[in-house]
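The values are calculated or read from the model by the stated rules, or taken from the named source; none is laboratory data. No experiment lies behind these values; they were computed from the predicted model shown. Positions of Cβ are backbone-derived with ideal geometry, glycine not excepted, and every protein chain shown enters the neighbour counts. Accessible surface areas use protein heavy atoms only, side chains included; no ligands, DNA or RNA. Shrake-Rupley method; radii C 1.70, N 1.55, O 1.52, S 1.80 Å.
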Amino acid sequence: MSQIPIKTDEEIEQMRIACRLAADVLDHIAPHIQAGVSTDHINSLCHDYIIEHDAIPAPLNYTPPGHQPYPKSVCTSLNHQVCHGIPSDARFLKDGDILNIDVTVIKNGWHGDTCRMFSVGQLSRKAEHLCSAAQKCLWLGIGAVRQGAHLGDIGHAIQKYAQSQGYSIVRDFCGHGLGRKFHEPPQILHYGNLGEGATLKKNMVFTIEPMINAGRAAVKVLSDGWTVVTRDRCLSAQWEHTVRVTEDGYEVLTLSAAELKQMATQENRR
Ligand code: MF3
Ligand code: CO
Ligand code: CO
């Protein structure tokens, strides 16, 4: 079994910097997500912001085994696209679209990885519900993280809620450890059983990134070699954070200023 790296406090500090930048990219792009904008324009805006902040867009030319190099700087996945959608200057956002933007940066050699759903104009009730349920899945998974917990606890929390809402969970892709590498152990499955899998230790760092489908779980990869879509063409939604294990819980390294503010507002409404 491959070992799960434990980061030193100094390395964690480097990851905080990379992760904060990745989160900032998503805050920066938010006002630009509007009908009529091409996904390639979004890619350019993200690319430029990352470069201006002395970082590298990790997806650009990323070539995992069995893949052709990824041609763009971020992933933009629309509607029934699950993940790894390739930005295109021929694809324009329209009212009612749901769009996932997945940003991974390399800053001083360290990776930060996060994605969010964005809505274009007015969403259908179904699309709205799917996006918020997927976000809730992410946070339920995060809530299961702490030293001594098991990897399966994360997947279990996500699976329980997704199924209660009548949604399915994509099984072909998972969360992952990251650090100097984009993808390293552990694999974070978004389904599972309590108490199963490796035991979490302080300063493990990994992503949780559930892909939740309105229809069936089955996916396929398009002929571009990257874009993953639902086989039944039903909508799919994904949210991702990079998380550090702490003694009594977790630290969300990719929490952005906007998300913090949004969470504070929700807290006040309770
Ligand atoms: N950011 C994605 C993840 O969460 C990976 C994208 S790989 C790419 O793991 F090459 F498509 F960018
Ligand atoms: Co990831
Ligand atoms: Co990602």
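Taking the chain as a Gaussian network, Cα atoms linked when under 10 Å apart, which of Thr227, Thr76, Thr242 shows the biggest mean-square fluctuation?
Checking each option, the largest mean-square fluctuation is seen for Thr227.
Looking only at the range 1-28, which residues have a backbone nitrogen under 12 Å from a spot 7 Å from the Cα of Lys181 in the C-beta direction?
Within reach of a label on Lys181, which here means backbone N under 12 Å from a point 7 Å along Cα→Cβ, the range 1-28 contributes 2-6.
Averaged per residue, what accessible area in Å² does the range 193-252 show with a 1.4 Å probe, protein chains only?
That works out to 42 Å² for each residue.
So, in nm, how far is label Asp54 from label Gln147 when the simple model puts each one 7 Å beyond its Cα toward the Cβ?
Output for this residue pair reads 3.3 nm.
For Cα pairs less than 8 Å apart in space and 6+ apart in sequence, what is the mean separation divided by the residue count of the chain, i.e. the relative contact order in percent?
Once divided by the residue count of the chain, the mean separation gives 22 percent.
Classify the range 169-226 from the C-alpha gyration tensor, please: rounded if a/c falls under 1.5, else prolate or oblate depending on whether a/b exceeds b/c.
Judged from the Cα gyration tensor, the range 169-226 comes out oblate (a/c at least 1.5, b/c at or above a/b).
Expressed in nm to one decimal, what extension gain is obtained for the pair Gln262 and Ile6 from 0.36 nm per residue of sequence separation less their Cα-Cα distance?
Full-extension gain reported as 89.1 nm.
Is the shape of the range 132-208 rounded, prolate or oblate, going by the alpha carbon gyration tensor and its root eigenvalues a ≥ b ≥ c, with a/c under 1.5 for rounded and a/b larger than b/c for prolate?
Since a/c reaches 1.5 and a/b is larger than b/c, the shape of the range 132-208 is classed as prolate.
Specify whether the C-alpha gyration tensor of the chain places it in the rounded, prolate or oblate class, a ≥ b ≥ c being the square roots of the eigenvalues: rounded for a/c under 1.5, otherwise prolate if a/b is larger than b/c and oblate if not.
rounded
For the range 1-117, which whole percent of the accessible surface, found with a 1.4 angstrom probe, sits on carbon and sulfur atoms?
52
Only four residue types carry charge here, +1 at the Cβ of Lys and Arg and -1 at the Cβ of Asp and Glu. Report the dipole size of the range 49-192 about the Cα centre in Debye, rounded to the nearest 20. Walk me through the intermediate numbers first.
On the way: 13 positive and 11 negative charges, 62 e Å.
Magnitude of the dipole: close to 300 debye.
What pairs in Lys94/Lys126; Lys136/Lys160; Lys107/Lys201 have C-alpha atoms more than 20 Å from each other?
Pairs exceeding 20 Å: Lys107/Lys201.
Quick one: among Ala18, Ala90, Ala149, which has the greatest mean-square fluctuation in a GNM of the chain with alpha-carbon springs under 10 angstrom?
Largest GNM mean-square fluctuation: Ala90.
Averaging sequence separations of C-alpha pairs under 8 Å and six or more residues apart, then dividing by the length of the range 161-270, give the relative contact order as a whole percent.
Details: 176 pairs, mean separation 25.3, N = 110.
Computed over the range 161-270, the figure is 23 percent.
I want to verify a result. In a Gaussian network model of the chain, Cα cutoff 10 Å, which of these has the top mean-square fluctuation: Ile12, Ile101, Ile208?
Taking springs between Cα atoms under 10 Å, the residue moving most is Ile12.
Could you please state how large a percent of the accessible area of the range 141-270 is carbon and sulfur, counting protein chains only and using a 1.4 Å probe?
48
Using the Karplus curve 6.51 cos²θ - 1.76 cosθ + 1.60 with θ = phi - 60°, what ³J(HN,Hα) values do you get for each residue of the range 75-90, in whole Hz, with x for Gly and Pro?
Result, rounded to whole Hz: 9, 10, 10, 9, 6, 8, 6, 8, 6, 6, x, 8, x, 9, 7, 10.
Step through the residues of the range 114-122 one at a time and calculate ³J(HN,Hα) from phi using the Karplus curve (6.51 cos²θ - 1.76 cosθ + 1.60, θ = phi - 60°), rounding each to whole Hz and writing x for Gly and Pro.
For the range 114-122, the Karplus-derived couplings read 7, 9, 8, 8, 10, 10, 9, x, 8 Hz, x marking Gly and Pro.
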